[in-house]
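To keep things clear, I will list the structure first and then write my remarks on it.
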Amino acid sequence: QVRLEQSGGGLVQAGGSLRLSCAVSGSTFVINTIGWFRQAPGAQRELVATSFSGGRTNYADSVKGRFTISRNNARNTAYLQMNSLKPEDTAAYLCYADAGVDRYWGQGTQVTVSS
């Protein structure tokens, strides 16, 4: 069993920064991919960033150059550093972790960027 606990998020002015954390517990050795989706009201869920077990990362075009995903394997925690935030980044951010064919989800955290 895998459990994901998110932290971070909140309210920030445009141009500011936030860091989201996603702590993984349980059978952490089975995790290969970890990342974040975001969901804004009335919008489709968007895959924001992905960290693959081999070290490769992938980002949505909308966040490239501004967001950075990283993993601290010793702490079983992934981070999403978000810089130069824009009002359109406002959304609920959900971390996920893939273990084989199973996907696990964090509880979600709200990010609100004011103009």
Check your understanding: Between residue 60 and residue 115, what is the FRET efficiency for a Förster distance of 22 Å, r being their Cβ-Cβ separation, to the nearest 0.05?
Key -> 0.60
Review point. If you stretched the chain out fully between residue 25 and residue 52, how much longer would it get, using 0.36 nm times the residue separation minus the C-alpha to C-alpha distance?
Key: 7.9 nm
Exercise for review: Inverting the mean 1/r over all pairs of different Cα atoms, compute the Kirkwood radius of the stretch 34-73 and quote it in Å.
Suggested key: 10.9 Å
Check your understanding: Under a point-charge model restricted to the Cβ atoms of Lys and Arg (+1) and Asp and Glu (-1), what is the dipole moment magnitude of the stretch 4-82 relative to its Cα centre, in debye to the nearest 20?
Key -> 140 debye
Exercise for review: Roll a 1.4 angstrom probe over the protein heavy atoms and tell me the percent of accessible area of the stretch 22-99 that is carbon or sulfur.
Suggested key: 47 percent
Study note, to complete from the structure: Per its Cα gyration tensor (rounded if a/c is under 1.5, else prolate when a/b beats b/c, else oblate), the chain is best filed as prolate
**Study point:** Two-site label geometry, residue 44 and residue 102: point separation in nm, points 7 Å out along Cα→Cβ
**Key:** 2.9 nm
**Study point:** Paramagnetic label zone (point 7 Å from Cα along Cα-to-C-beta, residue 13; backbone N under 15 Å) in the stretch 79-115
**Key:** 84-87, 113-115
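The values are calculated or read from the model by the stated rules, or taken from the named source; none is laboratory data. None of the values given here were measured: they were computed from a predicted structure. Here Cβ is always computed from backbone atoms with ideal geometry, including for glycine, and neighbour counts include all displayed protein chains. When the accessible area is computed, the model is the full protein with side chains, heavy atoms only, and any ligands, DNA or RNA have been set aside. Shrake-Rupley method; radii C 1.70, N 1.55, O 1.52, S 1.80 Å.
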